[in-house]
Amino acid sequence: MDRFSAALKVVLDGKKPGRQDIVTLLSARGSQAAALFRAAGRVRRAKVGDAVHLRAIIEFSSHCRNNCLYCGLRRDNRRLPRYRLDEGEIMSAVDKAAAMGFRTVVLQSGEDPLYSGPYIAGLVEKIKRRRGVAVTLSLGQRSREDYRIWREAGADRYLLKHETSDEELFRCLKPGSSLQARLECLHWLKELGYQAGSGNMVGLPGQSLDSLAGDILLMRELETDMAGIGPFLPHPDTPLKEAAAGSLELTLKTLAVARLCLPRAHLPATTALGTLAPGGRKAALTCGANVIMVNFTPPEVRDRYLIYPQKADITDEPRRALENVKALLAGLARPVARDYGHAIKFSGGDCT
Ligand code: SAM
Ligand code: SF4
């Protein structure tokens with residue numbers, strides 16, 4: 001048996017893959033890559049089904065105290081006009097999403113301390129009381145106490161991508177922070193009972209296949225409930241403006257291997273993939289993805305949440321974006337999920 005087939009067998013048999021097995025899978029080309037994608041599609045269908053979960057994302061603040069080298073919202077990007085949404089504006093976006101049938105809202109922002117712990121807790125409580133939707137938060141690294149009161153207020157999930165498992169690369173890309181501190185936040189979130197999501201960027205400058213394999217092993221170790229895996233896209237007003245974007249093929253392979261190693265995780269077909277290539281999200285859905293985000297950030301401020309240039313959905317109004325997503329799913333014979341799309345617990349026996 002060749003190395004690729006042997007590595008594929010390891011994960012399909014539910015055995016613990018070694019770092020080299022994952023590197024072998026990520027190196028697949030041609031017919032082997034096609035076999036990897038087919039396997040990921042089969043595992044996705046068997047473990048999480050055909051239905052695709054839709055999430056409404058509301059980007060409520062583009063202010064950020066951090067200076068991540070890759071991100072357009074970084075503190076030192078003085079060219080970006082900033083905004084903050086108030087409670088009324090956030091609630092009206094939530095109302096719109098709920099009225100259109102969305103059962104999850106994702107509140108995301110830069111790390112903006114102006115939104116205090118108690119303020120966010122009050123907001124979550126109000127959303128839960130008024131709309132009964134699942135609430136995912138993605139506000140970056142905060143204190144354990146903030147996470148605790150938000151969970152108590154009813155927040156269901158938290159997204160905090162680990163970004164890269166390579167400690168040195170992490171330190172270089174996120175000045176003043178450490179992978180260890182980020183992982184501590186992820187451990188707190190799990191302890192507090194959140195469905196916790198992690199994830200990484202693919203194609204970061206200085207990233208190797210070995211380091212990508214480390215990302216997948218780390219997410220297995222964390223037993224992550226959701227994993228956002230998308231390509232790095234250079235932003236012209238950041239120090240990484242000259243760097244090359246992550247490739248579509250490597251991102252799809254990373255997603256496919258993640259599906260094989262985290263069979264029951266929720267894996268989005270990311271907006272970044274849709275931005276990188278016109279068919280990016282469709283391809284992701286055939287390689288293991290089972291979640292799509294629809295943007296409900298008010299159109300007046302949407303272009304001020306520019307993480308990277310030209311987000312795929314930047315101009316689409318939610319109604320039109322939803323129509324496009326539904327057409328995409330219909331073309332793939334994938335139904336829209338009707339339930340909340342909570343985490344299916346990572347269970348033993350699949351890839352232990
Ligand atoms: N501030 C929070 C945080 O960092 O966790 C949440 C918002 S942040 C904009 C959301 C995600 O955007 C990050 O986790 C990162 O993976 C992604 N991101 C930032 N810059 C990017 C870039 N240039 N290309 C691709 N993804 C990027
Ligand atoms: Fe801020 Fe998040 Fe962007 Fe880093 S990735 S600069 S924490 S918004």
Worksheet item: Which of (1) small (Gly, Ala, Ser); (2) touching a Phe, Trp or Tyr at 6+ places or on another chain (Cβ under 8 Å); (3) more than 16 Å from ligand 1 (Cβ to nearest atom); (4) open to solvent by 20 Å² or more (accessible area, probe 1.4 Å) does ALA98 not meet, given it meets every other one?
Response: (2)
Practice prompt. Spot the failing condition for GLY274; the list is (1) open to solvent by 10 Å² or more (accessible area, probe 1.4 Å); (2) away from ligand 1 (no atom under 16 Å from the Cβ); (3) part of a helix (DSSP H, G or I), and only one is missed.
Written response: (2)
Worksheet item: ASP210 fails exactly one of the following numbered conditions: (1) open to solvent by 20 Å² or more (accessible area, probe 1.4 Å); (2) more than 30 Å from TRP188 (Cβ to Cβ); (3) modelled with pLDDT of 95 or more. What is the number of that condition?
Response: (2)
Response to the item:
All-but-one check, THR238 against (1) away from ligand 2 (no atom under 16 Å from the Cβ); (2) out of contact with any strand residue (DSSP E or B) (no Cβ under 7 Å at 6 or more places or on another chain); (3) hydroxyl-bearing (Ser, Thr, Tyr), failing number (1)
Practice prompt. Determine, yes or no, whether LEU80 is in contact (Cβ under 8 Å) with a residue 60 or more places away in the chain and within 10 Å of ligand 2 (Cβ to nearest atom).
Written response: no
Discussion item. I'd like the full set of residues that are of a type outside the set (Lys, Arg), farther than 22 Å from ALA327 by Cβ and open to solvent by 40 Å² or more (accessible area, probe 1.4 Å), limited to segment 292-305.
Written reply: GLU300, ASP303
Worksheet item: What are the residues in segment 101-118 that are part of a loop (DSSP other than H, G, I, E, B) and within 17 Å of the chain's Cα centre (by Cα), if any?
Response: GLY110, GLU111
Worksheet item: When segment 119-139 is examined, which residues are found to be surrounded by fewer than 19 Cβ atoms within 10 Å (Cβ to Cβ) and within 18 Å of the chain's Cα centre (by Cα)?
Response: SER138
Worksheet item: From SER165, SER198, SER208, SER178, which residue is of a type in the set (Ser, Thr, Tyr), within 15 Å of ligand 1 (Cβ to nearest atom) and over 16 Å from the mean Cα position of the chain (by Cα)?
Response: SER178
Discussion item. Being open to solvent by 10 Å² or more (accessible area, probe 1.4 Å), at pLDDT 95 or above, under 27 Å from ALA277 (Cα atoms) and not in a loop (DSSP other than H, G, I, E, B) is true for just one of LEU240, LEU250, LEU233, LEU183. Which residue is that?
Written reply: LEU250
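Suppose we keep only residues that are part of a helix (DSSP H, G or I) and either of a type outside the set (Gly, Ala, Ser) or open to solvent by 10 Å² or more (accessible area, probe 1.4 Å) (or both) within segment 277-291. Which one would you say is farthest from ALA337 (Cα to Cα)? Give the steps one after another, and end with the answer.
Step one: of segment 277-291, the residues part of a helix (DSSP H, G or I) are 280-286.
Pick out the ones that are also either of a type outside the set (Gly, Ala, Ser) or open to solvent by 10 Å² or more (accessible area, probe 1.4 Å) (or both) and you get 281-283, 285-286.
On the way: ARG281: 17, LYS282: 17, ALA283: 19, LEU285: 14, THR286: 16 Å.
That would be ALA283.
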Fill in: Complete set of residues in segment 138-160 that are part of a loop (DSSP other than H, G, I, E, B), in contact (Cβ under 8 Å) with a residue 40 or more places away in the chain and of a type outside the set (S, T, N, Q)
GLY140, ARG142, ASP156
Fill in: Any hit, segment 290-312, residues being over 25 Å from ILE58 (Cβ atoms), at pLDDT 95 or above and not polar (S, T, N, Q)
no
Discussion item. Among the residues in segment 327-345, are any assigned to a loop (DSSP other than H, G, I, E, B), modelled with pLDDT under 95 and farther than 21 Å from THR136 by Cα?
Written reply: no
Worksheet item: Among the residues of segment 57-69, which ones are crowded, with 16+ Cβ neighbours inside 10 Å and farther than 19 Å from ASP303 by Cβ?
Response: ASN66, ASN67, CYS68, LEU69
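Check ARG78, ARG38 and return the single one that is away from ligand 1 (no atom under 15 Å from the Cβ), assigned to a helix (DSSP H, G or I) and open to solvent by 10 Å² or more (accessible area, probe 1.4 Å). Explain how you work it out, then say what you get.
Working: ARG78 fails: assigned to a helix (DSSP H, G or I).
Just a single option satisfies the conditions, and that option is ARG38.
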Fill in: Residue list for segment 208-226, filter: out of contact with any Lys or Arg (no Cβ under 8 Å at 6 or more places or on another chain), under 20 Å from ALA181 (Cβ atoms) and not charged (D, E, K, R)
SER211, LEU218, MET219, THR224
Item to complete: Report yes if GLY18 is within 16 Å of ALA289 (Cβ to Cβ) and surrounded by 13 or more Cβ atoms within 10 Å (Cβ to Cβ), otherwise no.
Response: no
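Can you tell me which residue within segment 153-180, out of those that are among the basic types (Lys, Arg) and within 16 Å of ligand 2 (Cβ to nearest atom), is surrounded by the fewest Cβ atoms within 10 Å (Cβ to Cβ)? Spell out how you get there, then give the answer.
Taking segment 153-180 as the starting set, the residues that turn out to be among the basic types (Lys, Arg) are 157, 161, 171, 174.
If we keep only those that are within 16 Å of ligand 2 (Cβ to nearest atom) too, we end up with 161, 171, 174.
Working: LYS161: 22, ARG171: 14, LYS174: 22.
It comes out as ARG171.
The values are calculated or read from the model by the stated rules, or taken from the named source; none is laboratory data. Please read these numbers as outputs of a predicted model, since none were measured by experiment. Cβ: placed from backbone, ideal geometry, glycine included. Neighbour counts: every protein chain shown. Each accessible area value is taken on the protein alone, full model and side chains, heavy atoms only, with ligands, DNA and RNA left out. Shrake-Rupley method; radii C 1.70, N 1.55, O 1.52, S 1.80 Å.
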